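Written below as structure tokens is the structure these notes are about.
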Amino acid sequence: MDSGGVSAALAIYGLIGRNRLDHHRFTLTLVDISLASAIVMSFHLLLAARFRFGDVQAGS
């Protein structure tokens, strides 16, 4: 789980409160953030290898 994205979602939820965002939508947002993070982390390594990036260029 991407802790930065989840922290941002929690902060926004705390600011706007339960009146404007129900628990179901917030949970869905957390799942989406986690899924997107996992996909990006998987593909960025493949793209880095494809373009022959070194460790520093790939962010390793």
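The values are calculated or read from the model by the stated rules, or taken from the named source; none is laboratory data. The shown structure was predicted, so the numbers you read here are calculated from the model rather than taken from an experiment. With ideal geometry, Cβ positions are generated from the backbone for all residues, glycine too; neighbour counts draw on all protein chains shown. Ligands, DNA and RNA are excluded from the accessible area calculation, which covers all protein heavy atoms including side chains. Shrake-Rupley method; radii C 1.70, N 1.55, O 1.52, S 1.80 Å.
Surface composition of the chain: carbon and sulfur make up 64 percent of the accessible area, probe 1.4 Å.
Can you compute the charge dipole magnitude of the chain about its Cα centre, using +1 on each Lys and Arg Cβ and -1 on each Asp and Glu Cβ, nothing else charged? Give it in debye, rounded to the nearest 20. All intermediate terms of the calculation are to be shown ahead of the outcome.
On the way: 5 positive and 4 negative charges, 24 e Å.
For the chain, the charge dipole is close to 120 debye.
How much of the pair distance distribution for the chain lies past 15 Å, counting alpha-carbon pairs only, in percent? Don't jump to the answer; show the numbers that get you there.
On the way: 1049 of 1770 pairs.
That tail contains 59 percent of the Cα-Cα pairs.
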